[in-house]
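Q: Before we start, here is the structure in question, set down as structure tokens.
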Amino acid sequence: MALTQVSSNKCCGGYQKVFEHDSSELKCKMKFGIYLPPKAESGKCPVFYWLSGLTCTEQNFITKAGSQQAASEHGIIIVAPDTSPRGCNIEGEDESWDFGTGAGFYVDATQDPWKTNYRMYSYVTEELPRLINSNFPADPEKMSVSGHSMGGHGALICALKNPGKYKAYDATVLAASYSGPELDILIDQGRDDQFLSSSQLLPDNLISACSEKKIPVVFRLQQGYDHSYYFVFSFINDHIKHHAKYLNA
Amino acid sequence: MDVYGLRGPLQAIAEEMAVSEEEEAEGDEEAFVVVRKRPVTSDPAASSDMYCSDCGTPAHSGQHTHHRVVPLPDAVQDMKAELGKSHSRLTEKISQMENFASNLEEIFITVEENFGRQEQNLEQHYSDVLQTLAQRNSENSTSLQDQKKQKLEALYGQLLACGSLLDTGKELIENAQELHRCTNRNAFLQAVMPVIKRIENFAKEEVELKVGVSMEFTTPPVDLTGVKQMMESINVVPAPSAPVMNPQVVNSATTSSLRVCWSLFSDDTVDFYQLYCRQISEDITIEMEQDVSVRRVKETHCVVKDLLPNAQYEFWVTATNTTGISPTSERAVYMTVPSPPIIRPQECLSCLEAALVRWDSGNTNPVESYTLELSEADTHSSVTESIVAIPTCECLVQLQPWKRYVIHIRAVNIGGASERSPPITISTTGTFFPLLKETAHPSLSVSPDGFTMFYLDEDLPISEMVFSDSNFSSCVAVLGDLIPIRGQHYWEVEVDEWAEYRVGVAYEDTQRTSYLGANATSWCMRHIRTPSRHKYEFLHNGWSADVRITVQPLQIGVFLDYERGILSFYNAHLHQHLHTFTCCFHHYVLPCFALDKPGALTLQTGLTTPKYITHP
């Protein structure tokens, strides 16, 4: 697959780049952001996949989250794909903000007219890693997944559905039936997150399921924080450090 | 004979010998030359090159056929050898003479000195005797003078008395005569009777006609025994003068013996010394003086044995010879070396960069200071570092990480240093600390090994609990004795599944009446158990972060980093990070442990901080 570099900016000693390619899963052109730390110039680095939330593109995370500093320090490549296929001209895809464009939910659609293009789960778990491993100095044995909001959910299901791949589609259900190598999950939740207060987020269920199955989770309820990228920015360092513990071991 | 004069001739002989040596050396050359020259003159007679040893002359003719004849060079060699022997014999004699001469010199000087002293002695004695005699003389003459004065006074008194009597008598007689001549009969008759009366009375008076004072002079007996004694003692060797005690020499004492020395600063003859010894008791309640022991010693030093360690002894000495005993010397105090200290391993603390060693003095009385000796255990080098002048029974010593050290302590006083204490081995691979049992709440008991804490089911009634200033009174808690070093420290706590506990750190002066985490002087992780779930709090100043943990940690790793101001908690089995407090520790903190309900906690110290924490 041919990769075209869209942009490159030096940042924290490494490079924040954006590439475009033709996706075979999603049958359209897809962009992704990739941060290459200074260590990547001399050797292979582990890869941290970041899955963004509803309405985001590959740009939001790389411009707003401030992850480059920690990635540079720990020597980790950060790949941030887009949140859904673009320009497929499927009817109804732009009607709502939380369905269709920008709302891939990191699942593979099973129904028409979506099932041809909306295969974000396969894209993120198979096509993208293959692409990254063959075009960049990435260590194929070391990858981890994380995300915010819809992406957080995506990260959980990717990990739970692929035991051992990363140091369902409903994370809670998946957790309830997970059996595989030990995970170590870190979740931060803003207490003032409006989705939490409107019960769209149900962390207690996940916690109960994980407690039941003895899946190690540390869930932190952060006083005063909301759902925005300011929240992401505040805790991204802790998360990269958490991942680095396993990626750099 | 003048000894000095003898040296001159001896010197001259020596010089002559040296000169003759030189001459001989020159002679050698000449002889050599002569030998070489010989062939040139080529005497046809071969025998002219020969020398007859028997006759001692060159052998020109055949006279010497039966004599021992040797070639001339050989003869010369023989002669030289003989000359050499005589030469060395003479040199030996000369050196003997020189030794003898210097010996004589010394004796000469010594004799001069000794006689000089004897002269002085004699002079002194005689002048003493004379002084005494003069004194006696003046005493006696004074007494005679007094006697004389007394007698003269008495006589004079008598004289006066007689004189007055005479005067009175004369007066009466004149009166009577006058009266006798009186022509007036009436007046005569009037006056005559009293006058007659007076004369009669006067005549009746007894007159002492004896001399009241004896004419003899009593000379007091002259007591010259003292003088006699003095005269006799002139010929006798004087009693010695008082010796002088030497101060204690460094490193001459052991825990049970002292080497006591003294000196005599005069050349008095001494037959033996008597050394007196008395222990000085530090205990002021002992009123009685300790017993004095005496030893008879021939030399000017003595090793006194069977003494107590770290004790002071008073010594004084007298010198005795046939004449008598010298006055006693001044007293000197010597001290035995202390007993070695005993290290208390259960109270020693350590971390990667330092150790705090504590010990018992090992002596009932105080010592001056302690010395700590430190060497690496695994290397074969005998390099030992010493820290001296430690005033108390503990010492904080800086160490290198990842090594094993052997430490000994010695006690030091003015007598010297004790033997080494039994050692303690310290490994600088992690932080090691014991619990401070005196801070424990009365309901918190500690296992005999000192690392498991129990809160047993039965609460003691409050009346039976003993509270002090240092122990916790509400929270069933205890503190740990962490070494005061601002580095990184790590320890683990093993917890029961059902235990409700608080583990963390607190300032040493954290309020003992309050609960851990409820105030600004403590930080802790708290576990609360409800029938349905586990609840975790991370408490400081009464406030907690909201954290849910799905897998109950049964082994909690606590990591403290003063530099970065962080206190972190981990599930040590899963290497899972639970929570981190970021705080600026103004003072040193101590680990703290508490049980809110009956249960048990076990502390593990001395562990190396796992890599996932130091190198994430």
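The values are calculated or read from the model by the stated rules, or taken from the named source; none is laboratory data. All of these numbers come straight from a predicted model, not from anything done at the bench. Neighbour counts run over all protein chains shown; Cβ positions are idealised from the backbone, glycine included.
Q: Would you check if there is a residue in the stretch A:27-34 being assigned to a loop (DSSP other than H, G, I, E, B), over 25 Å from A:ASN248 (Cβ atoms) and of a type outside the set (Asp, Glu)? Show your work before the answer.
A: Within the stretch A:27-34, the first condition is being assigned to a loop (DSSP other than H, G, I, E, B), and the residues that meet it are A:27.
Keeping just the survivors that are over 25 Å from A:ASN248 (Cβ atoms) gives A:27.
Keeping just the survivors that are of a type outside the set (Asp, Glu) gives A:27.
Within the stretch A:27-34, one or more residues are assigned to a loop (DSSP other than H, G, I, E, B), over 25 Å from A:ASN248 (Cβ atoms) and of a type outside the set (Asp, Glu).
Q: Still on this structure: Which of (1) among the small types (Gly, Ala, Ser); (2) modelled with pLDDT under 85; (3) part of a loop (DSSP other than H, G, I, E, B) is the odd one out, the single condition A:ALA175 does not satisfy?
A: (3)
Q: Scan the stretch B:155-179 and report the pairs whose first residue is surrounded by 11 or more Cβ atoms within 10 Å (Cβ to Cβ) and whose second residue is of a type in the set (Phe, Trp, Tyr) and part of a helix (DSSP H, G or I), with Cβ atoms within less than 9 Å and a gap of 6+ or a chain change.
A: Final answer for the pair search is B:LEU165/B:PHE202; B:THR168/B:PHE202; B:GLY169/B:PHE202; B:LEU172/B:PHE202; B:LEU179/B:PHE188.
Q: So is A:ASP238 assigned to a helix (DSSP H, G or I) and either touching a strand residue (DSSP E or B) at 6+ places or on another chain (Cβ under 8 Å) or surrounded by 16 or more Cβ atoms within 10 Å (Cβ to Cβ) (or both) or not? Spell out the reasoning first.
A: Values: assigned to a helix (DSSP H, G or I): yes; either touching a strand residue (DSSP E or B) at 6+ places or on another chain (Cβ under 8 Å) or surrounded by 16 or more Cβ atoms within 10 Å (Cβ to Cβ) (or both): yes.
When the stated conditions are applied, A:ASP238 passes them.
Q: Identify all residues within the stretch B:562-582 that are away from every other protein chain (no Cβ under 14 Å) and surrounded by 15 or more Cβ atoms within 10 Å (Cβ to Cβ); write none if there are none.
A: Scanning the stretch B:562-582 gives B:TYR562, B:LEU567.
Q: Report yes if B:GLN77 is out of contact with any Phe, Trp or Tyr (no Cβ under 8 Å at 6 or more places or on another chain), in a helix (DSSP H, G or I) and at pLDDT 75 or above, otherwise no.
A: Yes; evaluated as a whole, the condition is true for this residue.
Q: Here is a further query. Among the numbered conditions (1) on the phi < 0 side of the Ramachandran plot; (2) crowded, with 22+ Cβ neighbours inside 10 Å; (3) away from chain A (no Cβ under 13 Å), tell me where B:THR521 comes up short.
A: B:THR521 satisfies all of (1) on the phi < 0 side of the Ramachandran plot; (2) crowded, with 22+ Cβ neighbours inside 10 Å; (3) away from chain A (no Cβ under 13 Å) except (2).
Q: Quick one: B:GLU438 ticks every box in (1) surrounded by fewer than 16 Cβ atoms within 10 Å (Cβ to Cβ); (2) over 40 Å from the mean Cα position of the chain (by Cα); (3) in a loop (DSSP other than H, G, I, E, B) except a single one, so which number is it?
A: That leaves (3) as the condition not met.
Q: Here's another thing I want to ask about it. Within the stretch A:60-82, is there a residue that is part of a loop (DSSP other than H, G, I, E, B), within 28 Å of A:TYR230 (Cα to Cα) and out of contact with any helix residue (DSSP H, G or I) (no Cβ under 7 Å at 6 or more places or on another chain)?
A: As a first pass, look at the stretch A:60-82 and keep what is part of a loop (DSSP other than H, G, I, E, B): A:65-67, A:75-76, A:82.
In the following step, the residues that additionally are within 28 Å of A:TYR230 (Cα to Cα) were identified as A:65-67, A:75-76, A:82.
Okay, now just the ones that are also out of contact with any helix residue (DSSP H, G or I) (no Cβ under 7 Å at 6 or more places or on another chain), so none.
No; the residues of the stretch A:60-82 include none that is part of a loop (DSSP other than H, G, I, E, B), within 28 Å of A:TYR230 (Cα to Cα) and out of contact with any helix residue (DSSP H, G or I) (no Cβ under 7 Å at 6 or more places or on another chain).
For every residue, the table says whether it meets (1) assigned to a loop (DSSP other than H, G, I, E, B); (2) within 26 Å of B:GLU113 (Cα to Cα); (3) touching a Leu at 6+ places or on another chain (Cβ under 9 Å).
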residue: B:THR255; (1), (2), (3): yes, no, yes
residue: B:ARG259; (1), (2), (3): no, no, no
residue: B:TRP262; (1), (2), (3): no, yes, yes
residue: B:ASP267; (1), (2), (3): yes, yes, no
residue: B:VAL303; (1), (2), (3): no, no, yes
residue: B:TYR313; (1), (2), (3): no, no, yes
residue: B:PRO327; (1), (2), (3): yes, yes, no
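Q: Right, another one. If I ask for residues that are within 17 Å of A:LYS245 (Cβ to Cβ) and more than 14 Å from chain A (Cβ to nearest Cβ), which ones from the stretch B:542-561 would you list?
A: B:ASP561
Q: A further question on this structure: Write out, first by first residue and then by second, each pair whose Cβ atoms fall under 9 Å of each other, whose residues are 6+ apart or on separate chains, and whose first residue, in the stretch A:231-249, is within 14 Å of A:SER72 (Cα to Cα) while the second is modelled with pLDDT under 85 and crowded, with 21+ Cβ neighbours inside 10 Å.
A: Filtered contacts from the stretch A:231-249: no entries.
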